[in-house]
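Derivation of every value follows stated rules applied to the coordinates shown; laboratory data play no part. What you see is a predicted model, and the numbers here were worked out from it, not measured in a lab. Cβ coordinates were reconstructed from backbone atoms using ideal geometry, including for glycine residues, and neighbour counts include every protein chain displayed.
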2 protein chains.
Amino acid sequence: MADFLTLKTVDQILTLLEDFDPLPTEEIPLEAALGRVLAAPYLAPADLPGFNRSTVDGFAVRARDVFGASEGLPAALTLVGEGRMGQDCSLTLNPGETIRVWTGGALPPQSDAVVMLEYARTSQAGLVELVKPLAPGENVILADEDAAKDQELIPIGQTLRAAELGLMAAFGETVVSVRRKPKFAILATGDEVVKITDAPKIGQVRDINSIAIKALVEAAGGLGELLGLVPDDLPLLSQKVATGLALADAVVLTGGSSAGEKDYTLKALTAQPGTAALAHGVAISPGKPLIFARQGQKSLWGLPGHPAGALVTAEVFLKALIRRLTGAKEPIWPKALKARLSRSVPSAEGRRDYFRVKLTFKGQELIASPVLGKSALISTLAGADALAICPEEREGLEQGEWADIRLL
Amino acid sequence: MADFLTLKTVDQILTLLEDFDPLPTEEIPLEAALGRVLAAPYLAPADLPGFNRSTVDGFAVRARDVFGASEGLPAALTLVGEGRMGQDCSLTLNPGETIRVWTGGALPPQSDAVVMLEYARTSQAGLVELVKPLAPGENVILADEDAAKDQELIPIGQTLRAAELGLMAAFGETVVSVRRKPKFAILATGDEVVKITDAPKIGQVRDINSIAIKALVEAAGGLGELLGLVPDDLPLLSQKVATGLALADAVVLTGGSSAGEKDYTLKALTAQPGTAALAHGVAISPGKPLIFARQGQKSLWGLPGHPAGALVTAEVFLKALIRRLTGAKEPIWPKALKARLSRSVPSAEGRRDYFRVKLTFKGQELIASPVLGKSALISTLAGADALAICPEEREGLEQGEWADIRLL
């Protein structure tokens, strides 16, 4: 099969993903938005907290009134009242005056600092002696200090965490605009494959790819819908792929992606109207017999039937697709994570190799120990913490070398 | 308040968490187990794949029959049949014989290697010329090569990912034994705090801690139940804490944890029968006025009302508690992640400081830029990628220094 002889590189496939548009947005309740991707920058709709607020229990002052105050030479201010929690502080603070305030309470507009309780003496009735100087703004959150109206607080593409949800809640938001979750229709093919709930006979294996790909997709922020198992039968397979295209943003088929005579996946994918095969065969290991096709804004994937090949290509390509479709910003830190290889591993020039590794710590160093075993084994991935990456221009990674890793 | 004067260290609190037992296990469907923590080691219930299996399309051989084969001197074997996908290969392979097999198919018991199609010539009827030597086991997965019966495949405490679910599915597992999710009852106190859906007046702020703590707990594998907002009223607060203790594994109260006269949290927590306060005040910034108490196997937490203090202490302590209660293994790689500080930040000796930082990449280096702003601000956490940690024995971190970081 001619296509297979011209392998695409990993980066070529990733570049092709840039032609897909982010999915439409949807409005969801704020409390359901954990882990979702913000579809528009979030600007502060008002100042926060909206009033000058004490961060300590103490005495609100004009900072200039306690300038130079010390144990030996306290500043004596007249106590003219007490702030009440949760209420506007309507008192006017004249020079030389102070009021008692509480952590989180509003300050009189004229005060710009709060002296902590431990630096105050209230020995004389009606007077407070303050023994510490303060800079303006000390122990105070100014009205627009947490956020100023119209300031961009959360960038587009941010995956929403506890802090973002809290910040939006501070402004009373109850719904948030996020990208719709990409939906994946997942099916498996192979005459030798049986359902998980069936007992395989000799020569048969259970369909472990479907549940694993669904889990991987959902952990990355997508939705997986299992369409089940199809024998090596082109009309049946084509029909299931059409069903998948109708209900999902992407169709993922595991098995039958190679170039053998019983491999119908390419035919079944390209049989769909308006579908173009963009790749058959990728310079990646494990996962070389990968098929990638496109129908408008929908993508079609033929992943290898071998579990390790299926999971590694899903890790590399489906996660990138989910990021693209949700518009999620890529985190910067994974590029900084490297591990030292405990032993050499061979690769072939021209392909990108993802070695399954276990991570341990030795002194100050993160050690990556390659998990032995053929790429077709699922157990090698279940035991792995990460993938160590051997780039195309190398013929392997050497013992003691610092390798780029990708966490699993 | 005497207790507050003796601050506990972060590590002392973390050590106290070791006195809590992991929660009971529960059996859940395999397809619902993503992200859950395995409660017992998983041993292979059988060999996997259970039969010798080809990993390529080609010809099954006894490796010794093709020893020394080459383009110039091919090994000519008699083709005696074809394996059928999904069926036992009952053919007997005598020396000098071969059969056609397919990727994933079962091999005759006597064969120990498969010659790939591209190294075979079938010019003469009934004969196959193989032009490449093979080692025994090449292009074959042996019956117990993916897993041998009774081998430990997944350790206790493993958080289940796609690969583990796939591996268990390979053995037909449909339910899995995991630790119950720890349940957190979350409430907020403060006369100045109003519900998210209310419009705060001057002096009031919305309860942003409840939704943020719930999100943090749930992202870490727990369950959060919001018990709402309670004014600074000791009987009411005590009653709500009792409600929380009855329904959850831990009660988390934000606000009122300081040592002021309106701070009722300590009293409300210790008013519960059989409850002992283990800490009031921790040498951590932000988050110093933290309360930690215990009632049997349940923990009670008074987190600071300031959002940054609440979220940082939740990040440090509640996540550790969830790990303890679920028995989840701690990942090793975070210890390897360091970032270089873009500028110096001051701390005080004797406390552990968590500075909010943004991460960027500069050349090969991960740069941590401290986010400016007081610890009481929620916006500084929403903008942060990580926390940079200043240990107790230091008085700050210096520009250009490599700091330990904790991802948010």
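At a glance:
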{"item": "Global form of segment A:333-407, assessed from the alpha-carbon gyration tensor, a/c cut-off 1.5", "result": "oblate"}
{"item": "Nearest 10 degrees, 0 to 90: helix A:234-247 Cα axis against chain A principal axis", "result": "20 degrees"}
{"item": "Extension gain from A:D233 to A:Q124, taking 0.36 nm per residue of separation minus the Cα-Cα distance", "result": "29.7 nm"}
{"item": "Spatial extent of chain B: Rg and Dmax, with the Cα atoms as the point set, Å", "result": "30.9, 99"}
{"item": "Low-density loop positions, GluC sites (Glu not before Pro), segment B:200-269 - DSSP coil, at most 11 other Cβ in 10 Å", "result": "B:E261"}
{"item": "Percent RCO, i.e. relative contact order, over chain B, from Cα pairs under 8 Å lying at least 6 residues apart", "result": "16 percent"}
{"item": "Kirkwood hydrodynamic radius (C-alpha pairs) into Stokes-Einstein, the protein assembly as shown, 20 °C and 1.002 mPa s, D in µm²/s", "result": "72 µm²/s"}
{"item": "Average partner coverage of A:51-59, which counts Cβ from other chains inside 10 Å", "result": "3"}
{"item": "Fraction of beta bridges assigned by DSSP in chain A that are antiparallel (%, nearest 5)", "result": "65 percent"}
{"item": "Dipole of the protein assembly as shown, positive end: most advanced residue of B:Q295, B:L38, A:Q239 [Cβ charges, Cα centre]", "result": "A:Q239"}
{"item": "Segment B:333-407, dipole about Cα centre (Lys/Arg Cβ +1, Asp/Glu Cβ -1), debye to the nearest 20", "result": "280 debye"}
{"item": "Volume per residue of the C-alpha convex hull in segment B:53-141, rounded to whole Å³", "result": "74 Å³"}
{"item": "Highest-MSF residue in chain A out of A:R121, A:R294, A:R36 [GNM, Cα springs under 10 Å]", "result": "A:R121"}
{"item": "Listed residues B:V128, B:V312, B:V37, most fluctuating in chain B (Gaussian network, C-alpha, under 10 Å)", "result": "B:V128"}
{"item": "Set A:K338/B:K374; B:K240/B:K262; A:K298/B:K181 screened for pairs whose C-alpha atoms are more than 27 Å apart", "result": "A:K338/B:K374; A:K298/B:K181"}
{"item": "Whole-number percent relative contact order across segment B:53-141, with pairs defined as alpha carbons under 8 Å at least 6 apart", "result": "44 percent"}
{"item": "Residue-averaged [θ]222 nm for the protein assembly as shown, counting only DSSP H segments that reach four residues, each worth -39500 (n - 2.57)", "result": "-4500 deg cm²/dmol"}
{"item": "For A:83-92, mean number of other protein chain Cβ atoms within 10 Å", "result": "4"}
{"item": "Average partner coverage of B:99-106, which counts Cβ from other chains inside 10 Å", "result": "6"}
{"item": "Net charge of Cβ neighbours under 11 Å - reference A:K329; Lys, Arg +1; Asp, Glu -1", "result": "-1"}
{"item": "Of B:N94, B:N139, B:N209, the one that fluctuates the most in a GNM where chain B has Cα springs shorter than 10 Å", "result": "B:N94"}
{"item": "Fraction of alpha-carbon pairs over 17 Å apart in segment A:107-160 - percent", "result": "59 percent"}
{"item": "Total formal charge among the other residues, if their Cβ is under 12 angstrom from that of A:V194, Lys/Arg +1 and Asp/Glu -1", "result": "-1"}
{"item": "Order by protection proxy (mean Cβ within 10 Å, highest first), peptides B:9-18, A:103-112", "result": "A:103-112, B:9-18"}
{"item": "Computed label-point distance, nm, for sites A:A277 and B:T6 using a 7 Å Cα→Cβ extension", "result": "7.5 nm"}
{"item": "Antiparallel DSSP beta bridges within the protein assembly as shown, as percent of all bridges there, nearest 5", "result": "65 percent"}
{"item": "Proximal aspartates and glutamates relative to A:K362, as straight alpha-carbon distance under 15 Å, when same-chain residues fewer than 8 apart are discounted", "result": "A:E401"}
{"item": "Label geometry 7 Å along the beta-carbon vector: A:S90 inter-copy distances in nm", "result": "9.7"}
{"item": "Whole-Å semi-axes of the ellipsoid equivalent to segment B:121-205 (Cα gyration tensor, √5λ, descending)", "result": "64, 20, 11"}
{"item": "Cα centre as origin, Lys/Arg/Asp/Glu Cβ charges: chain A dipole, Debye", "result": "1160 debye"}
{"item": "Residues with amide H under 5 Å from that of B:G224, placed H, sequence gap 5 or more", "result": "B:F184"}
{"item": "Under 11 Å, Cβ to Cβ, from B:E173 - net charge with Lys/Arg +1 and Asp/Glu -1", "result": "-2"}
{"item": "Segment B:333-407: relative contact order as a whole-number percent, Cα under 8 Å and 6+ apart", "result": "46 percent"}
{"item": "0 to 90° range, to nearest 10: angle between helix B:209-219 axis and chain B longest Cα axis", "result": "20 degrees"}
{"item": "Electrostatic dipole magnitude of the protein assembly as shown [Cβ: Lys, Arg +1; Asp, Glu -1; Cα centre; debye, to 20]", "result": "120 debye"}
{"item": "Packing-based order for A:374-383, A:23-32, using average beta carbon neighbours within 10 Å, highest first", "result": "A:374-383, A:23-32"}
